[in-house]
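A short write-up of the structure that comes next.
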Amino acid sequence: MKFHWFHGMPWPHLPDDFRKRNRSVWVDADASLYDPVEGGRLYHEYLDQMEYAEQVGFDGLIVNEHHQNVFGLMPSPQLMAAALARRTSRAAIVMLGMSIALYRPATRAAEEIAMLDVLSGGRIVAGFPLGTPMDTNFAYGVNPADFRRVYREHHDLILRAWQDPDVFAWHGESTKLRYVNIWPRPIQQPHPPIWIPADGISSETWDFCAERGYNYVCLASRGIEPAQAAMDGFWSRIDDRGLERNPYQGAVSQTIVVAESDDEAQQRYEPHFEYTSRHTLDDFPGWTEAPGWRTERGIRERAERTMQELANPKPARIPTWQERLDVGSLAAGSPDTVTEQLEHLVTTLQAGHLIGVFHVGDMPYDLTLRSTRLFAEHVIPRLRHLWQDHDDHWSPRPIPTRQSRAPKRATAGVHRWPN
């Protein structure tokens, strides 16, 4: 089993009346609420947390990309990956991901990922999410009607740019280049591992991953039942092609809190979940769809889910701590409790990679590190044996010279790691 530490890098200082004055945490939230000086301090604090995760034994560090989003202050995952490449030496750096359809030309994305793979000594995982309408269509103004076609073309161009040893010309619908010959090339050949994240049911993503042998990343933010449906759909595509199920081709993300006891976990951490829920509750739905965003196939799948939701309406309210635990959108409690919850999650979903979200909302630095340490010391060793009969083909293959070199620490660093 492999364990990865994810950071969304949220803004933790929203006022109590934020939702009264803002319809959403996406796209058009009041930018005057952001303080760049405090933002700089937070970036260093968040990077410190990720570096600490490597020190205590996590296998990977995960960054992602969002735009004009209060809870995702990482419009460029490449910058954060570059910082981590210099300050870490062992953990994979999982870029989950880069919105490759936004790069014109896509060779820019190919070059930057190759640079990071070289800089890190071959520790990069390339995540290629389709993106969200909020990020791509509304924040970046990209035409939703041809976005998926552009995504596929950019994917194909990046893969060929990494692998073709000769100069070639590219004559696509969205990109025309007379000369493609990127320098540098990735250390990992034929290319870094590719992971594709998807939120909810997406049969098109299942097929895309199954056809190409990519890792499918299931986001369990809504609970174990929808996550089960998503992973079952993916594994069915593997079965349909006569392929062998390998749990390492599946990853699942889960929000995790570990404390000395179940009661302590709730007492210390519940307010920080309420902070996030309070500001995202009943968020403006207009940003989540754009005309032309979905294919006909996707529209049909979405319509089926909508009809089910309408048949079982649920009032918008902040879920209780127990409700989060019951639906499986949160794993929290003592090491024994969390081990039991996560073993059930990953074995049910047959996922060989667990992506832990250990920081949410306005969670303090020390509480984040405490939960991270307890997880590394008392949970990882008890789950590490899972899937030991399978080979992991979806993790990086770093060169040993970089792994053995200890990262240099700045003499005036901001690290406040516990003993």
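A short reminder: the numbers here are calculations on the coordinates, not readings from a lab. From a predicted model like this one, the values you see are computed outputs, not experimental measurements. Because the Cβ atoms are built from the backbone with ideal geometry, glycine has one as well, and the counts that use them run over all protein chains shown.
Less than 5 angstrom separates the built amide H of residue 168 from those of 180, all sequence-distant by 5 or more or on a different chain.
Once backbone amide H atoms are built at 1.01 Å from N, residue 124 has 93 as its partners under 5 Å, excluding neighbours fewer than 5 places away on the same chain.
Taking the Cα centre of the chain as origin and assigning +1 to Lys and Arg Cβ atoms and -1 to Asp and Glu Cβ atoms, the resulting dipole is close to 1260 debye. Sequentially through region 276-292, phi angles give Karplus couplings (6.51, -1.76, 1.60; θ = phi - 60°) of 5, 5, 4, 8, 10, 4, 6, 5, 3, x, x, 7, 7, 9, 9, x, x Hz, Gly and Pro residues having no value and appearing as x. FRET efficiency for the residue 344 to residue 178 pair, using the beta carbon distance and R₀ = 60 Å, is estimated at 0.65. Each principal axis of the Cα cloud of region 46-87 was evaluated for its coordinate range; sorted largest first, these ranges are 32, 18, 15 Å.
For region 119-133, backbone phi angles converted through the Karplus equation (6.51, -1.76, 1.60; θ = phi - 60°) give residue-by-residue couplings of 4, 8, x, x, 10, 8, 10, 8, x, 10, x, 5, x, 10, x Hz, Gly and Pro being listed as x.
On full extension, the segment bounded by residue 377 and residue 317 gains 18.1 nm, given 0.36 nm per residue less the C-alpha separation. Bridge orientation summary for the chain: considering DSSP beta bridges with both residues in this region, about 10 percent are antiparallel. Site pair residue 390 and residue 284 shows an inter-label distance of 4.2 nm when each label is modelled 7 Å from Cα along Cα→Cβ. Label-to-label distance for residue 366 and residue 55 is 1.6 nm, based on points extended 7 Å past Cα in the beta-carbon direction. Charges were assigned to the Cβ only: +1 to each Lys and Arg, -1 to each Asp and Glu. The resulting dipole of region 155-231 about its Cα centre is roughly 320 debye. Per residue of the chain, the DSSP helices (runs of n ≥ 4 H) give a summed -39500 (n - 2.57) that works out to -13000 deg cm²/dmol at 222 nm. For region 336-349, putting each phi into the Karplus relation 6.51 cos²θ - 1.76 cosθ + 1.60 with θ = phi - 60° gives couplings of 5, 5, 5, 4, 5, 4, 6, 4, 5, 5, 6, 6, 5, 8 Hz, in residue order, rounded to whole numbers and with x for Gly and Pro. Amide H to amide H distances under 5 Å link residue 200 with 219, where only residues 5 or more positions off or on other chains count and H is placed in the peptide plane.
Model label sites at residue 143 and residue 243, defined 7 Å from Cα along the beta-carbon direction, differ in position by 3.2 nm.
Taking +1 at the Cβ of each Lys and Arg and -1 at the Cβ of each Asp and Glu, which of 335, 272, 76 sits farthest along the dipole of the chain towards its positive end, judged by Cα position relative to the Cα centre? Value: 76. Using the Cβ atoms and a cut-off under 13 Å, what net charge is assigned to the surroundings of residue 11, where Lys and Arg are +1 and Asp and Glu are -1? Once all neighbours under 13 Å are counted, the net charge is -4.
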